[in-house]
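Notes follow once the structure below has been shown.
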Amino acid sequence: MLDPKVIRERPEVVRRALELRRSQFPFDQFLSKLRQHQTLLAEVEQLRAQRNTAAQEVGHRKQKGQDTAVLIREMESVKTALKDKEKTLAALEPQITDGLL
């Protein structure tokens, strides 16, 4: 199994090794998916952090008796984006795992 970090950081070495083995593995396509996965993962983590921060803010506002409706409506878009990105990420992960084997 190849280390994804090595593939991302030194793709030319991996590509050359595959060429020497005369492999028909679609490396450029796999590398693209691997980079897409990394980007999506960062976006998902950022959205989760946003969601968690907003949840804490809602809690603080409720304790103070302040209105939370606006904040909750704003977080609906974050919730939707997070759900979509997690779905895409889940679909991408098996493709990457298969490529690493």
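The values are calculated or read from the model by the stated rules, or taken from the named source; none is laboratory data. None of these values were measured; they are calculated from a predicted model. As a convention, Cβ positions derive from the backbone with ideal geometry for all residues, glycine included, and neighbour counts pool all protein chains shown. Areas reflect the complete protein model, heavy atoms only, side chains present, ligands, DNA and RNA absent. Shrake-Rupley method; radii C 1.70, N 1.55, O 1.52, S 1.80 Å.
Taking region 20-42 as the search range and keeping residues that are open to solvent by less than 60 Å² (accessible area, probe 1.4 Å) and not hydrophobic (A, V, I, L, M, F, W, C), which one is nearest to the chain's Cα centre (by Cα)?
37
Could you list all residues from region 54-79 that are exposed (fewer than 11 other Cβ atoms within 10 Å of the Cβ) and either within 20 Å of the chain's Cα centre (by Cα) or of a type in the set (A, V, I, L, M, F, W, C) (or both)?
Within region 54-79, 69, 70, 76, 77 meet the criteria.
Evaluate region 20-27: report whether one residue or more is part of a helix (DSSP H, G or I) and in contact with a Pro (Cβ under 9 Å, 6 or more places away or on another chain).
Yes; the residues of region 20-27 include at least one that is part of a helix (DSSP H, G or I) and in contact with a Pro (Cβ under 9 Å, 6 or more places away or on another chain).
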